[in-house]
Structure formats: C-alpha cells, structure tokens
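Heads up: the structure comes next, in structure tokens.
The values are calculated or read from the model by the stated rules, or taken from the named source; none is laboratory data. The shown structure was predicted, so the numbers you read here are calculated from the model rather than taken from an experiment. Cβ atoms come from the backbone with ideal geometry, glycine included; neighbour counts cover every protein chain shown. Just the protein is used for accessible areas: all its heavy atoms, side chains included, with ligands, DNA and RNA removed. Shrake-Rupley method; radii C 1.70, N 1.55, O 1.52, S 1.80 Å.
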Amino acid sequence: MTRRPRPRRGRDPIRRDVGRPRFWETVPLAEMTPPEWEALCDGCGKCCLNKLEDEDTGEIALTRVACRLFDDATCRCAQYPVRRQFVPECVSISAESLPSIAYWLPQTCAYRLLHEGRELFHWHPLISGDPETVHAAGVSARGLTVPEFEVDEEDWEDHIIEEPT
C-alpha cells in the first residue's frame, strides 16, 4: 500500500484578494487583470485530466488519467512555470483561447461557466472564501487520478469518470 502525502489544508496558493470586489460578476473575461484571471481557477485540477473526444458526436469524456506533471494531493501542476518544457501540448487558458477550448473544460470550471454566461458555484473559493470547498463538494480530481505513464493510451477509455455538475 502506497501512502500519499496529505495535502496542506486551508492554504490557498492562488491569490484571491485581487482588488475589485466580486469582479467575476461585473468584469468581462477579456478585461480581467492577470491576477483576476488567475483567481478564477477553482483548483479542481480537472483541466489536467486527459480527455477523450468521440469522433462522431464531439462529446468529451474526462478520464482519471492525469497529466504526468499533475500532483494528485494538491490538484496542481508540479512544474507549472516550466510545464511546456515537459508537456508541449499543455494548453493555456486565456481570454483569447477560451472560445475554442471551453467545450473540453470541465463542466464546473469557472472559466467555462463565465464564458457561457453562468454563475460560479457556491463551493468556488471566490464565493466560499475557502480553497478546500472545491474538494469537499466532490468536484475536484483530488485522490482519484492515475498518472498517464501507468496507463496505456488505448486503455484510457477504461478510466472514464462521470463529471458532477
């Protein structure tokens, strides 16, 4: 039995107090400052899960197969600043890229929700004030992933997960 390190609870690596109160309700995505944009990330880690796209329907399925750089305990990229050196296909989520990639972002992702004109969920750290609420709500990847180097790509279909909405 392998023991995973316990994540540090309650400590948010993302700065949430970025100036304008409740900016996500009044500021268009394209007009957010870089700190506001970063604060939108709920820390679920599901964007780092490998996805499968049905060629016929275009439907996206999340798998529990995580990027090789994903840290399951923290739901963060272990090499975020230099991730493209290791994973050149890693996608940056930006106001410019969002219209073309929103369809494969998790259904609960703040970037996708705001892009679609929807509100953030009550468990989002910007609403709750607590980075742990995303995990307590059961919408994060914490504790459910397997590293991509442990699963052959042709077996990813065996690891499809249902996404909570």
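Quick notes on this structure:
- Unmet criterion (only one of (1) of a type in the set (S, T, N, Q); (2) more than 13 Å from the chain's Cα centre (by Cα); (3) part of a loop (DSSP other than H, G, I, E, B)) for T74: (2)
- Yes/no for A61 being in contact with a Gly (Cβ under 8 Å, 6 or more places away or on another chain), under 21 Å from V87 (Cβ atoms) and in contact (Cβ under 8 Å) with a residue 12 or more places away in the chain: no
- For E31, the conditions (1) modelled with pLDDT of 95 or more; (2) surrounded by 18 or more Cβ atoms within 10 Å (Cβ to Cβ) all hold with the exception of (2).
- Of residues in the stretch 37-58 being more than 22 Å from R15 (Cβ to Cβ) and out of contact with any strand residue (DSSP E or B) (no Cβ under 7 Å at 6 or more places or on another chain), the one least open to solvent (accessible area, probe 1.4 Å): G58
- The set of residues in the stretch 64-79 being touching a residue at least 60 places away in the same chain (Cβ under 8 Å) and more than 23 Å from S128 (Cα to Cα) consists of R64, V65, A66, C67, R68, F70.
- Positions within the stretch 148-160 being open to solvent by less than 40 Å² (accessible area, probe 1.4 Å) and within 16 Å of K46 (Cα to Cα), in sequence order: E148, W156
- Every pair of residues 6+ apart whose Cβ atoms lie under 9 Å, when the first sits in the stretch 25-38 and is of a type in the set (S, T, N, Q) while the second is open to solvent by less than 50 Å² (accessible area, probe 1.4 Å): T33/V18; T33/F23; T33/V27
Listed here are the residues, each with its yes/no results for (1) open to solvent by 30 Å² or more (accessible area, probe 1.4 Å); (2) in contact with a helix residue (DSSP H, G or I) (Cβ under 8 Å, 6 or more places away or on another chain).
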site: T63; (1), (2): no, yes
site: L69; (1), (2): no, yes
site: C77; (1), (2): yes, yes
site: V91; (1), (2): yes, yes
site: L113; (1), (2): no, no
site: T133; (1), (2): yes, yes
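Listed here are the residues, each with its yes/no results for (1) more than 23 Å from D130 (Cβ to Cβ); (2) touching a helix residue (DSSP H, G or I) at 6+ places or on another chain (Cβ under 7 Å); (3) in a loop (DSSP other than H, G, I, E, B).
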| site | (1), (2), (3) |
| --- | --- |
| A30 | yes, no, no |
| W37 | no, no, no |
| D42 | no, yes, yes |
| C47 | no, no, no |
| N50 | yes, yes, no |
| E55 | yes, no, yes |
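- From the list V139, V134, the one residue that fits, being in a loop (DSSP other than H, G, I, E, B) and in contact with a Ser or Thr (Cβ under 7 Å, 6 or more places away or on another chain), is V139.
Rundown of residues vs (1) modelled with pLDDT under 95; (2) in a loop (DSSP other than H, G, I, E, B); (3) of a type outside the set (A, V, I, L, M, F, W, C); (4) in contact with a Ser or Thr (Cβ under 9 Å, 6 or more places away or on another chain), yes/no style:
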site	(1), (2), (3), (4)
P81	yes, no, yes, no
A95	yes, yes, no, no
Q107	yes, yes, yes, yes
L114	no, no, no, no
H122	no, yes, yes, yes
L126	no, no, no, no
D130	yes, yes, yes, no
D155	no, no, yes, no
T165	yes, yes, yes, yes
